[in-house]
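One structure is given here, and the rest of the page talks about it.
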């Protein structure tokens with residue numbers, strides 16, 4: 001006889017007569033919106049351009065709605081600036097427009113925060129409409145038209161990720177700027193620590209965890225932009241955008257290899273400084289012998305992040321419960337019992353917090369209500385909050401200017417593999433690239449560059465890499481050399497890995513396996529996180545040329 005699975009959390013249903021794609025949940029935070037779709041849509045097509053007539057059909061459907069009586073009444077249009085690219089959204093969703101406005105810099109906010117004028121015209125268009133009877137629940141992307149189209153879904157997480165992917169394609173192709181699913185922190189003054197990682201490996205935990213160290217600044221939680229920059233012979237810094245080669249213009253990500261292969265050339269070049277000022281000069285003015293540098297930039301005005309952050313970072317509890325949230329469920333007695341020890345620990349920490357407003361808030365709630373609130377925040381992995389981290393750390397410890405560069409010295413590829421005893425290792429170029437090409441998540445899913453946000457034909461790319469993997473026949477660090485030897489490599493893969501090659505040249509690159517709780521001497525998850533932060537800080541500050549630490553010897557490196 002089968003044993004019934006325990007129901008751990010629930011979501012209230014839609015209200016009669018209301019929207020079928022979004023509705024209020026049980027109150028928590030400033031607002032709690034539930035979306036019918038709480039992950040990727042059933043239909044998700046990033047290869048619209050390969051299907052003649054599909055783009056016109058989709059835009060036609062959106063246009064007919066916007067021109068209808070209801071569409072004219074409900075459609076809202078709002079422009080934002082995402083790392084210098086203007087994006088225009090059209091939507092009838094109160095929830096999507098609410099989070100969209102909070103998440104990104106408006107053109108006026110961009111100019112105020114960065115000191116640079118916003119572009120006057122959008123380069124990326126977004127259409128997101130719910131409750132359309134003639135359309136299925138779906139998400140579409142066209143690179144040819146730089147357009148994202150969503151029907152009958154209000155889940156902000158997918159919309160955000162697809163827009164970031166669309167902007168990323170423009171930045172890489174036209175500007176040579178790398179868009180990454182990653183997080184960053186400034187450590188020990190001017191040392192930028194960049195994490196590239198799949199979900200569930202400790203990216204957020206690691207970025208927030210480093211803030212325990214003195215002289216740190218919080219940079220980003222989920223998405224970053226990286227510019228690869230050369231020094232000039234007169235001391236300036238410039239990221240190449242366009243080179244007028246004798247064989248025709250070279251643009252975007254293609255510039256880096258061309259400069260390596262033509263170090264003695266003397267042709268016109270247009271590029272951007274780390275502060276986003278455009279400069280024209282000759283390639284002969286570059287000090288190529290000094291190598292390339294990497295600078296990373298924030299993407300969001302306010303962070304859209306998982307509410308389960310409170311599990312490893314209780315200091316965020318008060319700010320989370322004051323934020324707008326998405327898909328925070330109700331919890332059952334079974335959940336409260338199953339997670340009793342963790343809930344007791346987190347409740348104790350927030351009720352005894354050094355931060356007086358936090359302590360007083362949860363003292364007023366009392367222990368039982370606090371336990372329930374904490375449980376709701378981490379019960380569902382895809383519950384999210386729109387969190388301003390300024391109040392959490394103090395504005396002076398947070399990057400708020402979208403064009404303030406952080407100099408990257410160390411890159412960590414995070415993974416969580418309990419079968420691997422190696423904890424921290426400095427990688428060769430081939431192993432670095434192979435890790436990114438295979439991109440295996442903790443659940444075994446293959447995710448190129450640990451980035452499910454990429455606006456590419458995922459199936460075709462995956463098939464191509466699988467073929468290279470078969471040719472490598474299990475040989476370590478053998479996939480990337482085969483990739484660069486192929487003449488038929490997909491342009492999207494070439495674009496991504498040309499930029500990762502520049503990253504490897506610019507920074508020390510490590511593999512970090514976040515499984516220290518496997519160490520018998522580690523008492524709990526909090527101690528595992530603290531020791532992992534010590535490992536990261538030591539690697540960043542000492543920057544060893546060679547490093548390979550296992551569960552047996554990692555403590556010696558820390559001490």
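The values are calculated or read from the model by the stated rules, or taken from the named source; none is laboratory data. A quick note: this is a predicted structure, and the numbers were derived from the prediction, not measured. Glycine also receives a Cβ, built like all others from the backbone with ideal geometry; neighbour counts cover every protein chain displayed.
Before moving on, here are some points about what is shown:
- Yes/no for residue 332 being in contact with a strand residue (DSSP E or B) (Cβ under 7 Å, 6 or more places away or on another chain) and assigned by TED's automatic domain parsing to the domain that holds residue 193: yes
- Residues of segment 359-397 satisfying the condition of being more than 13 Å from residue 346 (Cβ to Cβ), in a helix (DSSP H, G or I) and within 29 Å of the chain's Cα centre (by Cα): 390, 391, 392, 393, 395, 396, 397
- Total residues in segment 189-203 satisfying the condition of being in contact with a helix residue (DSSP H, G or I) (Cβ under 6 Å, 6 or more places away or on another chain) and either surrounded by 22 or more Cβ atoms within 10 Å (Cβ to Cβ) or more than 14 Å from residue 296 (Cα to Cα) (or both): the figure is 5.
- Only one of the listed residues (195, 208, 295) is outside any strand (DSSP E or B) and closer than 30 Å to residue 392 by Cα. That residue is 208.
This table checks each residue for (1) more than 21 Å from the chain's Cα centre (by Cα); (2) surrounded by fewer than 16 Cβ atoms within 10 Å (Cβ to Cβ).
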| position | (1), (2) |
| --- | --- |
| 488 | yes, yes |
| 514 | no, no |
| 525 | yes, yes |
| 537 | yes, no |
| 551 | yes, no |
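- Candidates 334, 317 - the one that is assigned to a helix (DSSP H, G or I) and in contact with a helix residue (DSSP H, G or I) (Cβ under 7 Å, 6 or more places away or on another chain): 317
- Of all residues in segment 27-59, those satisfying the criterion of being under 30 Å from residue 322 (Cα atoms) and in contact with a strand residue (DSSP E or B) (Cβ under 8 Å, 6 or more places away or on another chain) are 28, 29, 30, 31, 32, 33, 34, 35, 36, 40, 41.
- Search result, residues across segment 437-457 that are surrounded by fewer than 20 Cβ atoms within 10 Å (Cβ to Cβ) and closer than 14 Å to residue 223 by Cα: 452
- Filter result (more than 21 Å from residue 212 (Cα to Cα) and in contact with a helix residue (DSSP H, G or I) (Cβ under 9 Å, 6 or more places away or on another chain)) within segment 390-412: 401, 402, 403, 404
- Residue ranges of strands (runs of 3 or more DSSP E) in segment 68-183 with at least 1 members surrounded by fewer than 23 Cβ atoms within 10 Å (Cβ to Cβ) and either at pLDDT 95 or above or at negative phi (or both): 76-82, 85-91, 124-129, 138-142, 147-151
- Taking segment 484-530 as the range and being part of a strand (DSSP E or B) and in contact with a helix residue (DSSP H, G or I) (Cβ under 9 Å, 6 or more places away or on another chain) as the test, the residues that pass are 508, 509, 510, 511, 512.
- Filtered residues of segment 208-223 (kept if farther than 17 Å from residue 387 by Cβ and either modelled with pLDDT under 90 or within 15 Å of the chain's Cα centre (by Cα) (or both)): 212
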